[in-house]
Amino acid sequence: MNCVFQLFLLFSTEGECSRLASGVIMRSGTGKHTSENGIVYTGEWHEDKMHGTGTLQLPSGALYEGEFKDNMYHGTGTYTFPDGSTYKGHFHKNRLEGEGAFTNMQGLVWTGEFHGKAALGLKMQHNI
C-alpha cells in the first residue's frame, strides 16, 4: 500500500506502508517523513522505524547520511555538523564507534579509532 497522510499539520509521511489487523498504519519500505519540528527523514523503514539506508536532516543544519537500525545511526555513515565539519565512518547505536575520519572546518582530516566522545591516538592526514 502507498501512503500519503498528514496529521493536523504536525507531521507528514509519504511512502510505503501497511495496515495491521488492529488498524494501525505502519511504515515499511521507502518513504519520507517530516516532523512538526522540521526533522526530515528520507529512506528505508522497517516495522515503523528508520532501518536501512537513509538521510536525516535536523533543524540545526546537521545532516546524517548512511545506515540506520531501529531508529538509530548504526553502520557506515557520514554526519555533517552544523558548522560544516564532518565525521565519516562507523556508528553503533547513535555513537561514533570504530574506524573513522573527522574533517574540521579548516579541512584538516583526523583519522583513527573513535569511541563515542573519545578518540585517542588520532592521526592527522597531510596533503603533500
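Scan segment 46-80 for residues that are within 15 Å of residue 116 (Cα to Cα) and of a type outside the set (Ser, Thr, Tyr) and report the count.
4
When residues of segment 70-128 are filtered for being closer than 19 Å to residue 54 by Cα, open to solvent by 50 Å² or more (accessible area, probe 1.4 Å) and among the polar types (S, T, N, Q), how many remain?
Residues in segment 70-128 being closer than 19 Å to residue 54 by Cα, open to solvent by 50 Å² or more (accessible area, probe 1.4 Å) and among the polar types (S, T, N, Q): 3 in total.
Determine, yes or no, whether residue 68 is aromatic (Phe, Trp, Tyr) and at pLDDT below 85. Explain how you work it out, then say what you get.
Details: aromatic (Phe, Trp, Tyr): yes; at pLDDT below 85: no.
No.
The values are calculated or read from the model by the stated rules, or taken from the named source; none is laboratory data. It should be emphasised that the depicted structure is a prediction, and the values quoted were computed from it without experimental measurement. The protein model used for the area step is the full one, side chains on, heavy atoms only, and it has no ligands, DNA or RNA in it. Shrake-Rupley method; radii C 1.70, N 1.55, O 1.52, S 1.80 Å.
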